[in-house]
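Student: What follows is a single structure, and I will ask about it in a moment.
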Amino acid sequence: MTLSRRRFLTAASALPLASFVALPAFAQTPKIYGDGGVAVDGTDVVAYFTEGRPVSGTADLTHDWNGKTWRFSTAANRDAFAANPAKYAPQYGGYCAYAVSEGYTASTTPEAWKIVDGKLYLNYSRRVQRRWAKDIPARISSADANWPKVLN
């Protein structure tokens, strides 16, 4: 067998494996950030508006929306969310607003948040949030243009 024929056969036999290995790259990022089916790490998103701080939700007070289970700290918060999820759900599915403005997704932390014009924005960390806050209108404009394309 010649060297060039051997290289061709080796390359050809690797194609099915390469295709299999590449499949995860084509997987779509979930529309809502969260692990194990729980949205935004179980944080009560209504509490950002009512208490002005992140509050952990409980497994006893939930509402399913947009493919995830949302947790709440009070029945009133759960009911408010259920009546109007778009009013309380974080922008960009709860992914980091800075990351989305840059064209990718990243997880978020409950402590890095801000309400702007009645909408909740979350960030990866407080450090990243400080970068995002340097020009919030431009960041929101860029993120709006990138969303939801960044999920692909």
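Student: Go through the stretch 69-92 and give me each residue that's assigned to a strand (DSSP E or B) and surrounded by 22 or more Cβ atoms within 10 Å (Cβ to Cβ).
Tutor: 70, 71, 72, listed by residue number.
Student: Restricting the search to the stretch 73-88, which residues are in contact with a helix residue (DSSP H, G or I) (Cβ under 6 Å, 6 or more places away or on another chain) and either touching a residue at least 40 places away in the same chain (Cβ under 8 Å) or within 20 Å of residue 123 (Cα to Cα) (or both)?
Tutor: Passing the criteria: only 88.
Student: Please specify each residue of the stretch 101-144 satisfying the condition of being open to solvent by 60 Å² or more (accessible area, probe 1.4 Å), assigned to a helix (DSSP H, G or I) and of a type outside the set (S, T, N, Q).
Tutor: 102, 126, 127, 130, 131, 137, 144
Student: Can you go through 30, 54 and tell me which one is part of a loop (DSSP other than H, G, I, E, B), open to solvent by 30 Å² or more (accessible area, probe 1.4 Å) and touching a Pro at 6+ places or on another chain (Cβ under 7 Å)?
Tutor: Just one listed residue meets the conditions, 54.
The values are calculated or read from the model by the stated rules, or taken from the named source; none is laboratory data. As the structure is a computational prediction, the values presented were derived from the model and not from experiment. Cβ sites come from the backbone with ideal geometry, for glycine too, and all protein chains shown count toward neighbours. For the accessible areas, the whole protein counts, side chains as well, though only heavy atoms, and no ligand, DNA or RNA atoms are used. Shrake-Rupley method; radii C 1.70, N 1.55, O 1.52, S 1.80 Å.
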